[in-house]
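Please treat every number below as a calculation from the coordinates, not as lab data. Note that the structure is a prediction, hence the values are computed from the model and not measured. In this analysis, Cβ positions are derived from the backbone assuming ideal geometry, glycine residues included, and neighbour counts consider all displayed protein chains.
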Amino acid sequence: MPTAAYNKFQPGIDTLLKAANVGTDSWAVKLGTAVNAAAGTFTEVANGNGYTTGGNAVTTTSSTTTAGTLKLILASPAVWTASGAGFSFQYAVLVDTTAGVNVGYWDYGASQAVAAGETVTVTLDPANGVFTAT
């Protein structure tokens, strides 16, 4: 049997990608101390000392589909300012809070200790977006 190449129907991929409602869902960035990429789970930083469980909300700047590729652009979340004993984290985790899905994460390579008065800023790419999907 000959090999066949896959081709997509543009309206079909648009409908499929938009059905996830990424453009209207609510999003957050949360800080974590460990991730299990295979399971799609993480351990969130404990509440207190400048970090609030649930992370910081991010708003959708745009959600566009061009030539079958969805691009989601989110505004950067608010800054965390450590207090008291501070906190530590290694991962910033992107969460679709509407769907309750952990979408992806940024690994800082090692645990980052944040002392009282220090800040954590997660800057999301305003041009290329946080992700694209085809």
Worksheet item: Taking the highest mean first, how do the peptides 47-58, 98-109 order by number of other beta carbon atoms within 10 angstrom per residue?
Response: 47-58, 98-109
Discussion item. With n ≥ 4 as the cut-off for DSSP H runs, can you work out [θ] at 222 nm for the chain, using -39500 (n - 2.57) per run divided by the number of residues, rounded to the nearest 500?
Written reply: -2000 deg cm²/dmol
Worksheet item: How long is the gain from Ala34 to Thr69 if the chain were fully straight, where each residue apart is worth 0.36 nm and the alpha carbon distance is subtracted?
Response: 9.5 nm
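If you wrap the chain's Cα atoms in a convex hull and average its projection over all directions, what's the area in nm²?
10.2 nm²
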Worksheet, complete the sentence: Interchain or sequence-distant (5+) residues whose placed amide H lies within less than 5 Å of the amide H of Trp27 are Val58, Thr97
Worksheet entry | Percent of C-alpha pairs per 5 Å bin, the stretch 40-97, short to long | 4, 15, 22, 19, 16, 11, 7, 4, 2, 1
Worksheet entry | Paramagnetic label zone (point 7 Å from Cα along Cα-to-C-beta, Ser76; backbone N under 12 Å) in the stretch 101-134 | 120-127
Item to complete: In whole angstrom, note down how far apart the Cα centers of the stretch 42-78 and the stretch 82-119 are.
Response: 12 Å
Worksheet item: For the Cα atoms of the chain, what angle does the longest principal axis make with the long axis of helix 10-19, in degrees from 0 to 90, nearest 10?
Response: 30 degrees
Worksheet item: How many nm separate the modelled label positions at Ala46 and Thr123, each set 7 Å beyond the Cα in the direction of the Cβ?
Response: 3.2 nm
Worksheet item: Rg and Dmax of the stretch 65-134, using alpha carbons, in Å: what are they?
Response: 14.8, 50
